[in-house]
Structures are given as C-alpha cells and as structure tokens.
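See below for the structure under consideration.
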C-alpha cells in the first residue's frame, strides 16, 4: 500500500467503498503510523535521520514538501533511489541547522564519506563541509551549465523586448500617417520578434542536433544578432569542456580560458556565472575526479513530487514523511 498510494476518490470509484474512511482506518490502525508517531514523531517535522543508510557517496539537495516549505534531503547514491536511499530529511536550508542535525550521526560513520554532490548553493556547501570532514565536495555539472544557458536566454529575451518596442513604435508611426504597418519578414517567414521567440529551443541544443528549419533560423538569427552567436558559442564550449575533458588537468586550462573569454565578452547576463565559477572553482573541477553528478538527488526529488501528486498534496506533513521514509529509508 505504501509503495502504490491510492487516492480516496479512486478507491470510492472502483471499489464502491468510502475511500476517505479507508484512508483514516489505514492511517490509524494498519500503517503503524501511531506507534511511529509516539517514538519518532515528536521531532519528525524538524528532522529524521537514518545513520544505517550512510555510504561513501552521498547527494544533498533541497525540495518542497508542502506550501513552499523547504526541506534538505541527504541521500545515498548507492541505493539508486530505492530502499535505504534516505540518510536524513531536515526542515529548512540553514547551514548550521543542517549541520547540527547531521552531527547526531556518529562521527565514525560520517568520516568515511568520500564524496558529496550538490548544487551551487553556498548553504549546502557549508553544511556538507561541516558535517563530512573528509568528503570531496562536487558541484553538479548540470547546475553550472544551466547558469550559462539562462544567461544566453536572458540575452535573447532582452533583444526580443527591444524588437517588441521597435515594432510598437513603428506601428504608432504608421498609424499617425494613416498607413498600414508591414513588419519585416525574413526568408524563412519569421518576423523579427518571431525569430527571437522561436529561437528559444534551438539555443538549448548543439548545432549538430538542429533540424533543417532550425539551421535556417539559427543562420538568420546569428547574422542579425552576432552577440547571441557569441553567447551561444560560449555556452556550447562549456558543454564540451564537461563532455570531453577526462581529468582535472585537462579541464583546468580549458575552463580558465573559457572564463577569460566570458569576461572579455562583457555580457551583463554572464556576470553571474563568471562570479559563480570563481567562487566554486574547486567544487566544479572535482567533477572530473569521478564525473559524479547530482542526478540521483534530482531523480529522488521527482519521486517525491510524484508521490505528493498521487496523494493529492500534503495535508499532514508528519504522516507524509512517515510514508516517504517507509518506502525510501
């Protein structure tokens, strides 16, 4: 029952029983929740720890359980998102609060942890460093690449707003002179604002994966907006550094050259990623030790969201945590 939660309405529809009453009976008498609540429930909404699930390779990430309330979850990569995956669930994202809870796990279990993957949050970095003294901290490659992609899209959106403003101005001028406004149309049938809007998806992809129409659109876009082409090439180069560098030694000079080119380009939208890379250089380069990512944590977050959706939301956080840990801890 825990592994395949059924909504009360579904029970009522297919089995002609009172689903809500069954849910209450299951919660109060069949699930073991009341015994668990008496033992663990006093602090469940603040934290739950499972020292027996700790392993050499961990992930740490945050997720929302209900009403935007954030929880920090530490998972064991070697459990592959199944039984024994959860090491700790903690309310909030403050570094010291997380560390204090993780310190409840005996030091002899925390010291052997070799590697922890995470996003670029300074809070997660501090919490992991304080709690696992011998672990190598690894910044997730996909979060770094996403920053570059966001910067590229921000540049495209800025040009799109400029195009919209220009079109509105020309419309007003045409109306004032009693003429019909005819926007410029490129050879592929796009107007300027359509070109910038429809280029969104092709900028996420490598050029070799573009369709025939995307190749035509990209050529027009880059001819009229060379800044977008430069930003796209910077983003693609970062992707290739991650894809083709086999060690820290080969990645370091490439990343340094890339960083210098970002600074030379001078795009405001790329400042954030330049500063982030500068602040997280060691963690970013640690990826090339074992090519570890935080994909397992993201996958686990997706499972939580799916579980939450099947239960039609979380009305009782403590009970939700009980159900979650019964399956994954």
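Things to note:
- Any hit, region 168-175, residues being within 26 Å of the chain's Cα centre (by Cα) and either loosely packed, with under 12 Cβ neighbours inside 10 Å or over 20 Å from residue 229 (Cα atoms) (or both): no
- Residue within region 253-275 that is in the same structural domain as residue 154 (by TED's automatic domain parsing), in contact with a helix residue (DSSP H, G or I) (Cβ under 9 Å, 6 or more places away or on another chain) and within 26 Å of residue 64 (Cβ to Cβ) present: yes
- Hits in region 240-254 (condition: under 28 Å from residue 158 (Cβ atoms) and surrounded by fewer than 15 Cβ atoms within 10 Å (Cβ to Cβ)): 240
- Any hit, region 137-150, residues being in a helix (DSSP H, G or I) and touching a strand residue (DSSP E or B) at 6+ places or on another chain (Cβ under 8 Å): no
- Against the test of being in the same structural domain as residue 267 (by TED's automatic domain parsing), over 15 Å from residue 284 (Cα atoms) and within 25 Å of the chain's Cα centre (by Cα), the options 225, 232 yield a single qualifying residue, 232.
This table checks each residue for (1) surrounded by fewer than 18 Cβ atoms within 10 Å (Cβ to Cβ); (2) at positive phi; (3) in contact with a strand residue (DSSP E or B) (Cβ under 9 Å, 6 or more places away or on another chain); (4) modelled with pLDDT of 95 or more.
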position: 67; (1), (2), (3), (4): yes, yes, no, no
position: 70; (1), (2), (3), (4): yes, no, yes, no
position: 77; (1), (2), (3), (4): no, no, yes, no
position: 122; (1), (2), (3), (4): yes, no, no, no
position: 126; (1), (2), (3), (4): yes, no, no, no
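- Residue in region 92-124 that is farthest from residue 48 (Cα to Cα), counting only those that are assigned to a helix (DSSP H, G or I) and touching a helix residue (DSSP H, G or I) at 6+ places or on another chain (Cβ under 7 Å): 123
- Subset tally (residues that are in a helix (DSSP H, G or I) and in contact with a strand residue (DSSP E or B) (Cβ under 7 Å, 6 or more places away or on another chain)) for region 46-62: 1
- Yes/no for residue 191 being at pLDDT below 90, farther than 27 Å from residue 77 by Cβ and not assigned by TED's automatic domain parsing to the domain that holds residue 76: no
- For region 287-312, a tally of residues being over 19 Å from the mean Cα position of the chain (by Cα), surrounded by 15 or more Cβ atoms within 10 Å (Cβ to Cβ) and under 27 Å from residue 263 (Cβ atoms) returns 1.
- Any chance residue 300 is out of contact with any strand residue (DSSP E or B) (no Cβ under 7 Å at 6 or more places or on another chain), assigned by TED's automatic domain parsing to the domain that holds residue 92 and under 24 Å from residue 78 (Cβ atoms): no
- Being more than 26 Å from residue 208 (Cα to Cα), in a helix (DSSP H, G or I) and over 19 Å from the mean Cα position of the chain (by Cα) is a property that residue 318 has.
- Going through (1) assigned by TED's automatic domain parsing to the domain that holds residue 198; (2) more than 19 Å from the chain's Cα centre (by Cα); (3) modelled with pLDDT under 95; (4) under 27 Å from residue 241 (Cα atoms) one by one, residue 147 falls short only on (2).
- Residue among 180, 162 that is outside any helix (DSSP H, G or I) and either surrounded by 16 or more Cβ atoms within 10 Å (Cβ to Cβ) or more than 15 Å from the chain's Cα centre (by Cα) (or both): 180
- All conditions but one from (1) farther than 23 Å from residue 64 by Cβ; (2) touching a residue at least 60 places away in the same chain (Cβ under 8 Å); (3) in the same structural domain as residue 194 (by TED's automatic domain parsing) apply to residue 83; the one that does not is (3).
The values are calculated or read from the model by the stated rules, or taken from the named source; none is laboratory data. Every value quoted in this text rests on a predicted model; they were computed, and no experiment measured them. Methodologically, a virtual Cβ is constructed for each residue, glycine included, from the backbone with ideal geometry; neighbour enumeration extends over all protein chains shown.
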